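What follows is a single structure, written as structure tokens, with notes after it.
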Amino acid sequence: MSKDYEIKKEIVDVAHMLNDRRMVGTYEGNISIKSEDKVYLTPSGQSKELLTEGKIIVTDLNGNVIEGELKPTSETPMHLRCYELRPDINAVVHCHAPYSTAYAQANMAVESKVSPEFMLLFGKVPVIPYGRPGTEHIIDGLEDVINDYDVVLLANHGVLAVGKTAHEAFSKTLSLEMLLQTEFIRKVISDGKNTDLPDEECEALIEIGKSNHGVKR
């Protein structure tokens, strides 16, 4: 199996996982992997459920298409900007996972103090200002946070995650989504009761997370 095919297969696998987990609508979300001077991207307007390796688009680092018959995702500039700002990453996953996207639509950063797992993995998930999808403005403010955080909310839009592999970026997104789902249920059943951990415990957990994980926050 060639390296080229393995990269395309990883994108297809992640696209199918996003669909299976109901983290994207039929035509929502996009995925990319950078390999040397090439970027492999999901095509625009194609179902993630039906995505195949033959539909993956390849561009250069400036977004010029060098392989593929379909149009690359309209949010290609967002992916390219991530690679420009974060030379340590090789993959970007953007989706509209419901609980994460609810926070994005509310223009709210995620700063939970009830879950040790959240503090160990993330500490915080910031939100950047709204930018119209498919335009360069979708990444306004990205440079302010992407160097410190691997997962970012796009106001009124969705969630963006970066990693060394597409599977890693997907896993970060899924972890956040599951934690926020539990957080929502907790708020419903706790009837407003404060169940936050003490501040000193939160600070200790965040420091442990920084030491144990390569996740930026």
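With the condition being under 17 Å from residue 40 (Cα atoms) and under 14 Å from the mean Cα position of the chain (by Cα), I'd like the helices (runs of 4 or more DSSP H) fully within segment 61-165 carrying at least 2 qualifying residues.
It comes to 76-85.
Any idea how many residues of segment 183-217 are among the polar types (S, T, N, Q) and at pLDDT 90 or above?
Residues meeting the conditions: 3.
Could you please find all residues in segment 166-193 being under 17 Å from residue 118 (Cα atoms) and either aliphatic (A, V, I, L, M) or part of a loop (DSSP other than H, G, I, E, B) (or both)?
Selection gives 169, 174, 176, 178, 179, 180, 185.
Please verify whether segment 55-78 includes one or more residues that are out of contact with any Gly (no Cβ under 8 Å at 6 or more places or on another chain) and within 20 Å of residue 144 (Cα to Cα).
yes
State all residues of segment 1-46 that are in a loop (DSSP other than H, G, I, E, B), crowded, with 16+ Cβ neighbours inside 10 Å and without any contact (Cβ under 8 Å) to a residue 60 or more places away in the chain; if no residue qualifies, say none. Spell out the reasoning first.
Taking segment 1-46 and keeping what is in a loop (DSSP other than H, G, I, E, B), we get 1-2, 21-29, 36-37, 42, 44-46.
Pick out the ones that are also crowded, with 16+ Cβ neighbours inside 10 Å and you get 23-24, 28-29, 42, 44, 46.
Those that are in a loop (DSSP other than H, G, I, E, B), crowded, with 16+ Cβ neighbours inside 10 Å and without any contact (Cβ under 8 Å) to a residue 60 or more places away in the chain: 42, 44, 46.
The values are calculated or read from the model by the stated rules, or taken from the named source; none is laboratory data. Keep in mind that what you see is a predicted model, and the values were worked out from it rather than measured. As a convention, Cβ positions derive from the backbone with ideal geometry for all residues, glycine included, and neighbour counts pool all protein chains shown.
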